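The values are calculated or read from the model by the stated rules, or taken from the named source; none is laboratory data. A quick note: this is a predicted structure, and the numbers were derived from the prediction, not measured. Because the Cβ atoms are built from the backbone with ideal geometry, glycine has one as well, and the counts that use them run over all protein chains shown.
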Amino acid sequence: MIQPHQMVVPPLRDRPEDIHSLVVHFSDLAAKQMAFLRKTISEQGMKLLNKHAWSANVRELKNFIERVYILTPSDFVDVHDLRFAGLIDKRESSANTNSEITDMSTFREARAEFEKEYLIKKIQENSGNISKTAEAIGLERSYLHRKIKAYGIEANI
């Protein structure tokens, strides 16, 4: 029952027409707050964002856009960047229930897989330069070397 003075806002999944405007707004906010250039999301990326079944309110979309800004180094965001940041097409996720991430039995395994993929991507962005990568991601070089060894990452990616 709705109380007097209570406003009911339908979930974002019921308002797909709002997604584009919200993405633009949250991109502007993230760029300003994080001192980044505003990122452009590809047409295919926007389609994926529109198809996603946003289970929570707009805060979920805001948090996701912030994650995209943190995890995507370029100013152009494409589908693979959105997926790397954690967005999964609902049709894809139901079709791929045996994907690597769902096969992981613990949070620790999932986090380790994310860390490994993140480090590989960052090392590639820095042309295999470990010192430069460590500085870019805010880790001590020795700690990054231990992670590389632990995950069996080829340093000359």
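Sub-7 Å Cβ pairs linking a first residue in segment 7-26 that is surrounded by 10 or more Cβ atoms within 10 Å (Cβ to Cβ) to a second residue that is in a loop (DSSP other than H, G, I, E, B) and not hydrophobic (A, V, I, L, M, F, W, C), at least 6 apart or interchain, are 11/57; 12/57; 13/55, ordered by first then second residue. Check whether at least one residue in segment 28-48 is assigned to a strand (DSSP E or B), among the aliphatic types (A, V, I, L, M) and at pLDDT 90 or above, and report yes or no. Yes, that holds for at least one residue.
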